[in-house]
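Student: Here it is: the structure, laid out below.
The values are calculated or read from the model by the stated rules, or taken from the named source; none is laboratory data. Owing to the predicted nature of the structure, the values given are computational and were not obtained by experimental measurement. In this analysis, Cβ positions are derived from the backbone assuming ideal geometry, glycine residues included, and neighbour counts consider all displayed protein chains. In case anyone asks, the SASA skips ligands and DNA or RNA and just uses the protein heavy atoms, side chains included. Shrake-Rupley method; radii C 1.70, N 1.55, O 1.52, S 1.80 Å.
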Amino acid sequence: MIMNGVDFETYLKHYPDKNGYFGRFGGSYVSPELQKAMDEITEAYFTICQSRKFIAELRRIRKEFQGRPTPISHLERLSNELGGVQLYVKREDLNHTGAHKLNHCMGEVMLAKYMGKKKVIAETGAGQHGVAMATAAAYFGLECDIYMGAVDIKKQAPNVARMKILGANVVEVTHGLQTLKEAVDAAFDAYTKDYHNSIYCIGSVVGPHPFPLMVRDFQHVVGEEAREQFVEMTGHLPDAIVACVGGGSNAAGFFSGFLNDPVDIYGIEPLGRGPKMGDHAASLQYGSEGVMHGFNSIMLKDENGEPAPVYSVASGLDYPSSGPEHAFLHELGRVKYDVVNDDDTIEAFYKLARKEGIIPAIESAHAVAYGMKLAKKMGTGSVLINLSGRGDKDMDYVIQNYGIR
């Protein structure tokens, strides 16, 4: 498939380019001193990603420790209620630690070990990346500092407890809005002061090169598995695939398996309480080009051109920008990015639980909500949704704020 001059048959080989750009998005906007650290990481990654030993070890870990491949489930009862479209979900909630995040965390910590680092530093919003990073650090025997906003610490108490049980040091971030953006700020600052002994394992397809590339590569297993499994299960490709998008790691990995196929692709951002600035985190829908956290992408800005305050019911989606690859795919028109609000998300959260016995993460419920709307609109066909995580972490918050429905 060729679209606007981009050949998707060879897309993964050529994007990003050697400087980390997807078109004009991406790159590495850091200090000269920190750029040396980024260059060191890039060199190390491109060395080990071609290593038979590294690839074999990662495959073994995925099979024996993570429980991959994760299955695809047919949502038969929900599909029958909605009409003629058949809904399916890729069950990343069944990946060890309960989300897709461990896919790249194990790879990043393996890289840190190869580079001789003693500590991994990470940020987290919903806590799933923090839990996955704490798990990977425990597995490989490295120290682990997790930066998390004070607001998210209160919302995601079960995941905070998991991180501490796994031996991680959870650092509470109390400045600004005390959510994901501030956690990233604090983690970057800590890494800048200690990059000789540590590595900042970014939790999404964001940040300076090579992180958007590395995280997508490690998450590619989701799309690769999903495509093969769906064809084996049904005999054909899905008509459409859907994933939620904050920074966009689950979506980048999921989409990468289908970019060269005649499949409609939808990335769903959080509309939150509505389109007013500060009430949502839909950067691709309402943002403009800008640089933050070391990369150029589409971001939400305030009147001074700084990152705007954002909000989402999902702690893992309240980030004022999106990965540079998503900005590129949006500009090309290969992926359609749309929005879902809080109310529809919570309705989908309960609907999936009651109809199918699956409690999704609130982040994933955004994709489920859109998949349900898409099914009603399509009338016939099939939709495959990436269920990026499970909802254990969200149950107390949902019950407290929305009650039992």
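Student: Residues that are on the phi > 0 side of the Ramachandran plot and either modelled with pLDDT of 95 or more or hydroxyl-bearing (S, T, Y) (or both): does the stretch 250-266 have at least one?
Tutor: The answer is no; no qualifying residue exists.
Student: So is L75 open to solvent by 60 Å² or more (accessible area, probe 1.4 Å), of a type outside the set (S, T, Y) and under 30 Å from A361 (Cβ atoms) or not?
Tutor: no
Student: Continuing with this model, one more query. Kindly indicate whether S51 is within 30 Å of H196 (Cβ to Cβ), open to solvent by 50 Å² or more (accessible area, probe 1.4 Å) and not hydrophobic (A, V, I, L, M, F, W, C).
Tutor: no
Student: Okay, moving on. Could you grab me the full set of residues in the stretch 1-56 that are farther than 29 Å from G287 by Cα and of a type in the set (F, W, Y)?
Tutor: The answer is Y45, F46, F54.
Student: For Y370, are the conditions met, namely being among the hydroxyl-bearing types (S, T, Y), assigned to a helix (DSSP H, G or I), within 23 Å of the chain's Cα centre (by Cα) and at pLDDT below 95?
Tutor: no
Student: Looking for something among the basic types (K, R), on the phi < 0 side of the Ramachandran plot and surrounded by 24 or more Cβ atoms within 10 Å (Cβ to Cβ) - is there at least one such residue anywhere in the stretch 115-138?
Tutor: Looking for residues that are among the basic types (K, R), on the phi < 0 side of the Ramachandran plot and surrounded by 24 or more Cβ atoms within 10 Å (Cβ to Cβ), one finds none in the stretch 115-138, hence no.
Student: Search the stretch 248-273 for residues being open to solvent by 10 Å² or more (accessible area, probe 1.4 Å) and out of contact with any helix residue (DSSP H, G or I) (no Cβ under 8 Å at 6 or more places or on another chain), and hand back the single one that is farthest from E9 (Cα to Cα).
Tutor: The extreme case among them is D264.
Student: Next question. Looking only at the stretch 348-389, how many residues end up being surrounded by fewer than 24 Cβ atoms within 10 Å (Cβ to Cβ) and more than 13 Å from G267 (Cα to Cα)?
Tutor: 17
Student: Filtering the stretch 151-203 down to residues that are of a type in the set (V, I, T) and over 22 Å from the mean Cα position of the chain (by Cα), which residue is most open to solvent (accessible area, probe 1.4 Å)?
Tutor: Result: I165.
Student: Which one is nearest to L384 (Cα to Cα) among residues in the stretch 230-247 that are open to solvent by 20 Å² or more (accessible area, probe 1.4 Å) and of a type in the set (A, V, I, L, M)?
Tutor: In this case the residue turns out to be L237.
Student: Moving on to the next point. Within the stretch 390-405, track down each residue that is in contact with a Phe, Trp or Tyr (Cβ under 9 Å, 6 or more places away or on another chain) and open to solvent by 40 Å² or more (accessible area, probe 1.4 Å).
Tutor: Within the stretch 390-405, Y402, I404, R405 qualify.
Student: Sticking with this structure for a sec: Could you look through the stretch 204-225, keep only residues that are open to solvent by less than 10 Å² (accessible area, probe 1.4 Å) and among the small types (G, A, S), and pick out the one that is nearest to Y45 (Cα to Cα)?
Tutor: For the stretch 204-225, the residue satisfying everything is G207.
Student: Separate question: All but one of (1) open to solvent by less than 10 Å² (accessible area, probe 1.4 Å); (2) farther than 21 Å from S249 by Cβ; (3) among the charged types (D, E, K, R) hold for K90, so report the exception by its number.
Tutor: Result: K90 fails condition (2) only.
Student: Can I ask one more? I'd like to check which helices (runs of 4 or more DSSP H) are fully inside the stretch 234-353 and have at least 3 residues that are under 26 Å from R91 (Cα atoms).
Tutor: Where helices (runs of 4 or more DSSP H) fall fully within the stretch 234-353 and carry at least 3 residues being under 26 Å from R91 (Cα atoms), they are 249-256, 324-332.
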